[in-house]
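A short write-up of the structure that comes next.
The values are calculated or read from the model by the stated rules, or taken from the named source; none is laboratory data. Every value quoted in this text rests on a predicted model; they were computed, and no experiment measured them. Backbone-built Cβ (ideal geometry, glycine too); neighbour counts: all protein chains shown.
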Amino acid sequence: MKSNWIRLLAVASLIAAIGVSAPVQSAQKPAAKVKTGAVCPKPAPKKAPAKATKAAQKPAAKKSDPKAKPAVNAPKDLPRLLDLGATKCIPCKMMVPVLDELTKDYKGKLKVEFIDVWKDQSAAQKYKVQSIPTQIFFDAKGKEVYRHVGYFPKDDILKAFKDHGIKLAK
């Protein structure tokens, strides 16, 4: 009996050493509902490759005609939700239907963007992303008003905009 306790203690120590923190779910129990804040275990990239950094530093060439008239239906400044994540990150994948629904429901009232920081590492540096997914909320003037890390449901996103004085009428 003493050897069973020693084995159990050894297994527990091994599990703690490799960092397994979530209990294994039985096949008979339904999966738990994902809560706000689920974060991808793989961190955002620390440093962009030299090519990506140099390309990001070069200003884009502007081709503007001083005599050109502004477009009649020029888009007005909109509040913006920027989601920084990765296409292969599970919590990031869970954000896709939320972002798609926001894009559809608030067309012309909210600009929704996604950047894959595993492909565009300079964006992770630019926005100082430590974990993914990260949602950054901007007002219509482009000022960051709020930041959230992890999975974020649609209702909570809308509440965050409202709490920071940004009205998004459907």
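Things to note:
- Checking each residue in region 67-106 for being among the basic types (Lys, Arg) and modelled with pLDDT under 95 picks out 67, 69, 76, 88.
- Taken as a whole, the condition of being surrounded by fewer than 17 Cβ atoms within 10 Å (Cβ to Cβ) and either more than 11 Å from residue 83 (Cα to Cα) or basic (Lys, Arg) (or both) does not apply to residue 111.
- Of all residues in region 128-140 being farther than 13 Å from residue 81 by Cα and out of contact with any helix residue (DSSP H, G or I) (no Cβ under 7 Å at 6 or more places or on another chain), the one that is surrounded by the most Cβ atoms within 10 Å (Cβ to Cβ): 129
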